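**Student:** Before I ask anything, here is the structure I am working with.
Values in this text are rule-based calculations from the coordinates and carry no lab data. The structure displayed is predicted, hence computed values, not measured ones. Ideal geometry is used to build each Cβ from the backbone, glycine not excepted, and the neighbour counts take in all protein chains shown.
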Amino acid sequence: MSLPQTDTQAVMGSDFTIKGQVGADYMAELHKWVEEHGYYPDAAVEQGQEGISVVEFTVDRAGNVSAVHLLQSSGSPFIDQAWFQLFADNQLPPFPPGSKDDHITVEYTGEFSLIR
């Protein structure tokens with residue numbers, strides 16, 4: 001995760017809700033993936049913007065993402081776009097062996113907070 005190296009530090013928090021059966025390990029994989037790929041947009045930090053965005057998307061067995069929608073805006077276009085692009089522009093981990101569903105729907109709540 002790329003966080004700013006300034007006097008004002010930033011943190012990200014996240015929570016997933018999965019509609020489908022892919023096993024408990026997949027939730028941990030998603031959290032790990034977001035920690036490795038997520039970032040706090042520089043423009044949001046510079047303007048002191050914080051907030052919670054909620055996005056929903058579909059993931060297939062191979063980790064391909066489709067149908068990304070912003071369900072709740074943080075109030076910051078920079079933050080909303082960062083979460084949207086995180087999922088729309090990347091491939092997620094594939095489902096673990098033995099997963100029952102061919103695709104799942106994920107509702108992701110991401111929070112950006114500045115620590116002053």
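**Student:** Can you tell me which residue is farthest from Thr109 (Cα to Cα) among those in region 62-85 that are touching a residue at least 24 places away in the same chain (Cβ under 8 Å), out of contact with any strand residue (DSSP E or B) (no Cβ under 8 Å at 6 or more places or on another chain) and not polar (S, T, N, Q)?
**Tutor:** Within region 62-85, the match that is farthest from Thr109 (Cα to Cα) is Ala62.
**Student:** Given the criteria charged (D, E, K, R) and over 24 Å from Ala24 (Cβ atoms), does Asp80 qualify? Outline the logic, then answer.
**Tutor:** Values: charged (D, E, K, R): yes; over 24 Å from Ala24 (Cβ atoms): yes.
It is true that Asp80 is charged (D, E, K, R) and over 24 Å from Ala24 (Cβ atoms).
**Student:** Right, next: Consider Tyr108 against the criteria (1) outside any loop (DSSP other than H, G, I, E, B); (2) in contact with a strand residue (DSSP E or B) (Cβ under 6 Å, 6 or more places away or on another chain); (3) surrounded by fewer than 19 Cβ atoms within 10 Å (Cβ to Cβ): it satisfies all of them except one. Which criterion is unmet?
**Tutor:** (3)
**Student:** Search region 14-31 for residues being in contact (Cβ under 8 Å) with a residue 40 or more places away in the chain and assigned to a helix (DSSP H, G or I), and hand back the single one that is farthest from Phe57 (Cα to Cα). Before the answer, list the steps.
**Tutor:** Applying the first criterion (in contact (Cβ under 8 Å) with a residue 40 or more places away in the chain) to region 14-31 yields 14-23, 25-26, 29-30.
Still in the running and assigned to a helix (DSSP H, G or I): 25-26, 29-30.
Numbers: Asp25: 19, Tyr26: 15, Glu29: 16, Leu30: 13 Å.
Across region 14-31, the extreme among qualifying residues is Asp25.
**Student:** For region 60-116, enumerate the residues that are charged (D, E, K, R) and within 14 Å of Val34 (Cβ to Cβ). Don't jump to the end; show me each part of the working.
**Tutor:** Pass one, region 60-116, residues charged (D, E, K, R): 60-61, 80, 89, 100-102, 107, 111, 116.
Once the filter is applied, which keeps residues that are charged (D, E, K, R) and within 14 Å of Val34 (Cβ to Cβ), region 60-116 yields Asp89, Glu107, Glu111.
**Student:** Do we have any residue at all in region 67-88 that's in a strand (DSSP E or B), buried (at least 18 other Cβ atoms within 10 Å of the Cβ) and over 10 Å from the mean Cα position of the chain (by Cα)? Outline the logic, then answer.
**Tutor:** Step one: of region 67-88, the residues in a strand (DSSP E or B) are 67-72.
So of that shortlist, the ones also buried (at least 18 other Cβ atoms within 10 Å of the Cβ) come out as 68.
Next, only the ones that are over 10 Å from the mean Cα position of the chain (by Cα) stay: 68.
Yes: one or more hits.
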